[in-house]
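I have placed the structure first, in the form of structure tokens, so that the comments after it can refer back to it.
Laboratory data are not the source of any read-out in this text; all were calculated from the coordinates shown. Quick caveat, the model's predicted, so the values are computed rather than measured. Note that we place each Cβ from the backbone using ideal geometry, even for glycine, and neighbour counts take in every protein chain shown.
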Amino acid sequence: MSTLSPPVSERDHVVGPADARVTLVEYGDFECPFCGALHPVVQAARKSFGGNLRFAFRHFPLRSSHPHALASAKAAEAAGEQGKFWEMHDRLYRRQTELTDTDLERHARELGLDVDRFRGSLGARAHEVRIREDLASASQSGAKGTPSLFINGEFYEGPLEREAIFAALARAALAVVP
Amino acid sequence: MAQHRMSSEAAQTAAREIGRLTILRLTVYYVMAGILIMCLSALLPLGSIGPIPAEPPADMQGAIEWFKGQVAMFPKGAPVWLDALFQMIAAFLLVLPLAFVYVRTRTRLKFDHSLIQTVIVLPIVVTAILVVVRDSLALAFSLAGIVAAVRFRNTLKESGDAVYIFGSIGIGFASGIHAISVAGVLSVVFVVVELALWKFDFSAEFERTFARLCLPSGADMADVPGYRDEPAPAGNGAGQAHPDRDGAGRSALLRIYVDQVDAARPKIEAVLERDAKHWTLEQIVAGTGNTPELTYRVRARKSVGLDALREHLLRDAAPHVVAADAPES
């Protein structure tokens, strides 16, 4: 079984308490329809598990099949620079058919970001480096496609259905003594 | 103990909103459809309908003669195909409000798009069949034979959906025998009754329905001797499952993941006693290989709300509860 490497750290985009019983990591691509279908499940899990769940997102843009994936990942990073990574993350997943450069700028505007700053930081080297690091960690962790999930550091091999994922998360949470 | 008393608040929350726009749309639609049907029936001399015409001849001259013969029936009588067309248009116009009411009264989970298409097309087909059969006993027997030979088997999402099928057949039947007024009345009455039942959530809660129908005014189930002693199906004896008709979003099926059923259950139920208006334990999953789960049908108190109730479960029943999922949401 593959293990997450490197483990979740301060460099990751994380939502949820650090002492949560379960940490769920997603390697995702904003243009991937399966990731889009998984998004509401993850949202529901965050709501259902509350403080028991910490969720981290790492980029895995599949550039060969998704032409807008890399630009979208950079857009999320650029939004993160202005403190709105998760807002942009949610928006991109909800609107997977609107990922052109014009759309990304519109998303930034509608999220209340400083659009000039957003546009300027889209090509920032730091974002590219971060995305490349995420890609390297995916390969190191054994993630071969999107979405790839890791629950408490272990690769999740089950079906990407709500019930199965929730049961796996619950099992992981129960395996941890609070 | 969870509250069972019927109150005006409960009645209000159970009610669903039928906006003025809905009523206005339906009224305007019926008026317009009525005018259209009356205009059509005035234009068509339906008093004497011609015989079922033979096939038009294949040659051009013969076809022209056949068409002239059809037109010549005016104004004494309408050709049967025109009569059938008129009946089918009438059936179509009168069944559309049923489809509208179906959409209005169903949740996304219960919605069945194929049923809507069936409800719309069915009366047209029924009308056509009746126009063909007319008064012929032989054709009627043939039809019965055909229907008997074909097996129609389909599972409907909701038992109530069958009523829409019957309503649709009724409209088609009435239209097919030139009883358009009956079809119109059926359509209006169906729409009104269906909307009223939906709005008042009639019979959704046993206690409320029983109190309303069988007890003196102002009394409730608490006044029925022995009612409290009835064995509860599960849980605290709340004894009722509120269906997932939750206009206010306070009713839900909650799947709660726990470490140990026996340890978690009292804590969960203490929270439900406090924060839920009604609740029923529906299922317990436990045993080797399974993550222990408790499934409850819950209606949160108005002052608390479903989201807060779920948060309270995680907080107050910790560490036994790890998640409270609302899978229908």
statement: Computed over all unlike Cα pairs, the Kirkwood hydrodynamic radius of chain A in Å stands at 16.4 Å
message: Loop-only trypsin sites (Lys or Arg not before Pro) in the stretch A:84-172, please: DSSP not H, G, I, E or B, and at most 13 other Cβ atoms within 10 Å.
response: A:144
task: Wrap a convex hull around the Cα atoms of the stretch B:240-325, take a quarter of its surface area, and give that in square nanometres.
output: 5.1 nm²
field: Karplus-derived 3J(HN,Hα), 6.51/-1.76/1.60, for each residue of the stretch B:259-264, Hz, glycine and proline x
entry: 7, 9, 4, 5, 7, 7
query: Which entries in the list B:267/B:302; A:74/B:302; A:47/B:110; A:144/B:110; A:84/B:267; B:199/B:267 go over 32 Å, if you measure between the two C-alpha atoms of each?
result: A:74/B:302; A:144/B:110; A:84/B:267; B:199/B:267
query: Using r as the Cβ-Cβ distance of residue A:5 and residue A:109, and R0 as 25 Å, what FRET efficiency do you calculate, to the nearest 0.05?
result: 0.10
- prompt: Can you list the equivalent-ellipsoid semi-axes of the stretch A:6-55, largest first and in whole Å, using the square root of 5 times each Cα gyration tensor eigenvalue?
  reply: 20, 15, 7
task: Give the distance, in whole Å, between the Cα centre of the stretch A:43-86 and the Cα centre of the stretch B:84-111.
output: 44 Å
message: Compute, for chain A, the length of the dipole vector about the Cα centre, with Cβ point charges of +1 (Lys, Arg) and -1 (Asp, Glu) only. Units Debye, rounded to 20.
response: 160 debye
Note, ³J(HN,Hα) from phi for the stretch B:86-92, Karplus 6.51, -1.76, 1.60, rounded to Hz, x at Gly and Pro: 4, 4, 5, 4, 4, 4, 4
field: Acute angle (nearest 10 degrees) that the helix A:33-49 long axis makes with the longest principal axis of chain A, alpha-carbon atoms
entry: 60 degrees
